[in-house]
Amino acid sequence: MDLTNHRIAVLVDKSFEDLEFWVPTMRLREEGGEVVVAGREAHATFTGKHGLTATTETAAGALDPDALDAVVVPGGWAPDKLRRDEGVTSLVAEMDAREKIVAQICHAGLVGISAGIVEGRRATGSQGIKDDLVNAGAEWVDEPAFQEDHLVWGRVVEDIPAFCRTLVQALKID
């Protein structure tokens, strides 16, 4: 229970990767963190790629970055929807500007690209977004998970254990 007094937003939208949303969410709660589920709109229920559901509590744009310790962006197809929302990209950009933890796994780097936070940084994710990250100015790294400054990256669903360990450790140090 080391994350007591930590408030973390986890973003979600249609066709999220179920495990990439639920495992970090439950892991953060297990550590005592307060998880706020957010998306493009409040009180919307979304079904993941494998049938699990998640309901947003608030819109990402309504969150105060100063009241958060981290934002987690799971993968699946949801990042392609999330990246089009100004509230989402503003939240991610503001968290980055405040040097607060921004965690992205799999296709979540698409949100980081649209928020303008990947240029000149190391990044990983699904092989399917490698070109997108490189074209946005990131240095591609083929590692399961890593932290660089306040950014936490995870490659794919199979790397969730390493991603969660890296995320929790980053929050404990922060």
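We did not get these values from a lab; they are worked out from the coordinates using the rules stated. Keep in mind the model is a prediction, meaning the values are calculated, not measured. Quick reminder, even Gly has a Cβ in these numbers, built from the backbone with ideal geometry, and neighbours come from all protein chains shown.
Here the Karplus relation 6.51 cos²θ - 1.76 cosθ + 1.60, evaluated at θ = phi - 60°, turns the backbone of segment 146-155 into coupling constants of 6, 10, 10, 6, 9, 9, 10, 10, x, 7 Hz, with x for every Gly and Pro. Here the Karplus relation 6.51 cos²θ - 1.76 cosθ + 1.60, evaluated at θ = phi - 60°, turns the backbone of segment 72-82 into coupling constants of 10, 10, x, x, x, 8, 4, x, 5, 7, 4 Hz, with x for every Gly and Pro. Residues whose amide H comes within less than 5 Å of that of Glu139, counting only those at least five positions distant or on another chain, are Gly120, Arg121, Arg122, Ala123 (H built at 1.01 Å from N in the peptide plane). Approximating the spin labels as points 7 Å out from Cα along Cα→Cβ, the Asp2-to-Thr53 distance works out to 3.6 nm. Near Gly33, the amide H atoms lying under 5 Å from its own belong to Leu3; only residues 5 or more places off or on other chains count, and H is placed 1.01 Å from N.
With 0.36 nm allotted per residue and the present C-alpha distance subtracted, the Ala67-Ile173 stretch has 36.4 nm of extension available. Lys-Lys pairs in the chain that are eight or more residues apart or on separate chains and whose Cα atoms lie under 27 Å of each other come to 10. Here the Karplus curve 6.51 cos²θ - 1.76 cosθ + 1.60, taken at θ = phi - 60°, turns the phi angles of segment 162-167 into couplings of 5, 4, 5, 4, 5, 5 Hz, with x standing for Gly and Pro. Take the Cβ atoms of Lys130 and Arg84, set R0 to 35 Å, and the FRET efficiency comes out at 0.95. Amide hydrogen proximity for Ala103: with H placed 1.01 Å from N in the peptide plane, the residues at 5 or more positions away or on another chain lying under 5 Å are Val71, Val72, Val73, Val152. The Cα trace of segment 36-90 gives Rg and Dmax of 11.1, 34 Å, the first to one decimal, the second as a whole number.
Each Lys and Arg adds +1 at its Cβ and each Asp and Glu adds -1 at its Cβ; summed about the Cα centre, the chain shows a dipole of about 280 debye.
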